[in-house]
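A.B. asks: Right, I'll just put the structure down here and ask away after.
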Amino acid sequence: MSDMITTGAFIRLWRTVYNIFFPLFRGGVRLAALFLPKVKASIDGRQKLFEVLESKLALLPKGKPRVLIHASSVGEFEQARPLIKRLREESDCQIFVSFLSVSGFEARKNFSEAELVTYLPEDTSKNAERFFRLLAPDVMIVVRYDTWFNHLFAAKQRGARLILIDAVLRDDAAYLKLIAKNFYRAVFGLFDMIFTVSERDRINFDAHFHLHAEAAGDTRFDQVVLRSQGTKMITHLRRHYEHAQVIVAGSTWPEDETKLLEAIKDFGASLIVVPHEVGAANIRRLESLLKSHGRTSERISSLPDEFGSDKILIVDQIGYLAELYALASVAYVGGGFGGNVHNVLEAAVHGVPVIYGPNISKSVEASELYRAGGGVIVETADDLRNALRIFLSDEPARIASGDNAKNFVMRQTGATAKIFSFIQTSLSHTTVNTHQEKNHGRS
C-alpha cells in the first residue's frame, strides 16, 4: 500500500498521538475493573501472560512458518475456522490464536487445532514489542474489526505480513468521521492486504482511505457450511423427532418466546427452544412461562430416555444450536423483537424456512435472506402463526423456501479459498526470504 498518506512518517505520527492518549484509556479500563467483573477478569487473565507464552513456545519445534490469527471474541474466531482448517490440512505451519475478550479465550483456550491460544496483551508499545519478539509470526491475520495500533506496528516491524479479513466499511462508519478518518487511514495502512466482504466495502476503502482492497466475500458463509456437516451432538435426539414436524427456535429472548407460545397453540408441531441466555435463572423463567401456557418441558441437560416430542425441549447448554437446525422443519431465529436478530445463516444452511422479527438493521444477511425468499419477517404473533401455518401445512411451500435459504448461503461461499491463496503466497515469500533469519533470533 504505497500511497503517500500511508508512508512511515504518517503512520508514526498517528502512532505517537495514539500513545499519548492510550494511558487515559488504560486508566479508564482499570477504573471500570473496580465495578465490572468481566473487565477485572480480562486484566487478571493477562497477569502472567508472557511467562506462560515463553514456557509454551519453548516446547514448539523451530523452523516452521508461524501464522497468528487474532479475533476479538468467539464470533470472530468462528469466522476464521475455515481458514484454520485449510492451514492445518494444506500448510506445514504453526497456528497461533489470540483473543481480546475473556469469553473468547475461555471458550477456545483448549482449541486443539492451534499450537497456542493466548490473550492479546494490552496495547502498549512495550507489550507489543515483547509479544511479537516471542511469537515472531510470518503472517498475522486480523478478523474483521479488532485493530490495535501498537500490535500491528510491532508485527510489521518484525517482518510479518498483515492481512485483514472480512472487513466492512459502511458509508456511515465511525471510522470515516473527522479525526478518526486520518487515524484509521494510518491503522489500515499497516496491512499488506485487506479482504472485504463486499464490493461496496472495497470501494469505500479505496475512496476514503486510498488503500487497495479486494472483495473476497464473508468467511461466515464458509463456516456455516463447514459447521453444518457435523451433527454429533444431536445424534441422541434424532429418534425422538423422527416422525415429527419440528420448530427450532434459536437464540430466543422473552419477547420471542411469548410470541412463539401464542403462535403455536393451534399446531401439533414439536418445539425446541434454545434461549440466548442459558443461565439457571433464565431457564427457570422460561420453564415458568411454559407452565403458565399449559406446556410441559424437559431440559436437554437432564433428558430422560423416554422423551415425548409433544413436550417442549429446552436447551440449557451451549454448543447445540447450529446442529439442532438439522432437525428443523421450520426455524425461528430470535432477537428480532429486541436489539437485533441473531445469526440466520446457521439455520438457512440446513435448507429450512427461517422466520424472524422486524429488527434486522444490523444484519445485512437477514435482509438479503428475506429478499432471496428464504426468510420471513414477522411483526406480531398473528404474523408468526400465519407463517407457521403455511410452512407446516404446505410442503411444497416449505421446500421452496428452504431451497431458497440454502441456495442463498451456498451462492456466497468461496471467501476462504481466495484468502487462503494469498496466505499461501505470503508464507512462501516469508519462508524463502525471512523465516530462517527470524528463527535464528528466537529464544
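The values are calculated or read from the model by the stated rules, or taken from the named source; none is laboratory data. No experiment lies behind these values; they were computed from the predicted model shown. Here the Cβ is made from the backbone with ideal geometry for all residues, glycine too, and neighbour counts use every protein chain on show.
A.B. asks: Please find, within the stretch 192-212, the residue that is surrounded by the fewest Cβ atoms within 10 Å (Cβ to Cβ) out of those that are under 21 Å from the mean Cα position of the chain (by Cα) and of a type outside the set (D, E, K, R).
C.D. replies: Ser198
A.B. asks: OK, next. Which residues, counting only those in the stretch 240-298, are without any contact (Cβ under 8 Å) to a residue 60 or more places away in the chain and assigned to a strand (DSSP E or B)?
C.D. replies: The answer is Ser270, Leu271, Ile272, Val273, Val274, Pro275, Ser297, Glu298.
A.B. asks: Here's a follow-up. Suppose we filter the stretch 299-351 for residues that are among the hydroxyl-bearing types (Ser, Thr, Tyr), over 18 Å from the mean Cα position of the chain (by Cα) and not in a helix (DSSP H, G or I); how many remain?
C.D. replies: Residues that pass the stated criteria total 3.
A.B. asks: Kindly provide the set of residues from the stretch 213-240 that are among the aromatic types (Phe, Trp, Tyr) and surrounded by fewer than 17 Cβ atoms within 10 Å (Cβ to Cβ), ordered by number. Walk me through it before giving the result.
C.D. replies: Taking the stretch 213-240 as the starting set, the residues that turn out to be among the aromatic types (Phe, Trp, Tyr) are 221.
Of everything in the stretch 213-240, nothing turns out to be among the aromatic types (Phe, Trp, Tyr) and surrounded by fewer than 17 Cβ atoms within 10 Å (Cβ to Cβ).
A.B. asks: Being within 18 Å of Leu135 (Cα to Cα) and free of Cβ contacts under 8 Å to residues at least 60 places away in the same chain is the filter here, so list the residues in the stretch 89-107 that pass it.
C.D. replies: Asp92, Gln94, Ile95, Phe96, Val97, Ser98, Phe99, Leu100
A.B. asks: I've got another one for you. Would you mind telling me which numbered condition in (1) out of contact with any strand residue (DSSP E or B) (no Cβ under 8 Å at 6 or more places or on another chain); (2) closer than 26 Å to Phe420 by Cα; (3) in a loop (DSSP other than H, G, I, E, B); (4) modelled with pLDDT of 90 or more Met1 fails?
C.D. replies: (4)
A.B. asks: Which of the residues spanning the stretch 37-83 are under 27 Å from Phe191 (Cα atoms), without any contact (Cβ under 8 Å) to a residue 40 or more places away in the chain and under 22 Å from the mean Cα position of the chain (by Cα)?
C.D. replies: Within the stretch 37-83, Ser73, Val74, Gly75 qualify.
A quick yes/no check of all residues on (1) assigned by TED's automatic domain parsing to the domain that holds Asn359; (2) of a type in the set (Ser, Thr, Tyr); (3) within 30 Å of Arg108 (Cα to Cα):
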site: Leu237; (1), (2), (3): yes, no, yes
site: Thr252; (1), (2), (3): yes, yes, yes
site: Leu261; (1), (2), (3): yes, no, no
site: Ile264; (1), (2), (3): yes, no, no
site: Gly268; (1), (2), (3): yes, no, no
site: Asn282; (1), (2), (3): yes, no, yes
site: Ser292; (1), (2), (3): yes, yes, no
site: Leu303; (1), (2), (3): yes, no, yes
site: Lys311; (1), (2), (3): yes, no, no
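A.B. asks: Taking the stretch 352-381, which residues are surrounded by fewer than 15 Cβ atoms within 10 Å (Cβ to Cβ) and either free of Cβ contacts under 8 Å to residues at least 40 places away in the same chain or not assigned by TED's automatic domain parsing to the domain that holds Ala405 (or both)?
C.D. replies: Pro358, Ser361, Lys362, Val364, Arg371, Glu379
A.B. asks: Which residue out of Phe99, Phe21 is in the same structural domain as Leu211 (by TED's automatic domain parsing), crowded, with 20+ Cβ neighbours inside 10 Å, closer than 24 Å to Phe153 by Cα and of a type outside the set (Asp, Glu)? If you could, list the steps in order and put the result at the bottom.
C.D. replies: Details: Phe21 fails: crowded, with 20+ Cβ neighbours inside 10 Å.
So the residue among Phe99, Phe21 that is in the same structural domain as Leu211 (by TED's automatic domain parsing), crowded, with 20+ Cβ neighbours inside 10 Å, closer than 24 Å to Phe153 by Cα and of a type outside the set (Asp, Glu) is Phe99.
A.B. asks: Here's a follow-up. Can you name the number of the only condition in (1) surrounded by fewer than 18 Cβ atoms within 10 Å (Cβ to Cβ); (2) within 28 Å of Val197 (Cα to Cα) that Val39 fails?
C.D. replies: (2)
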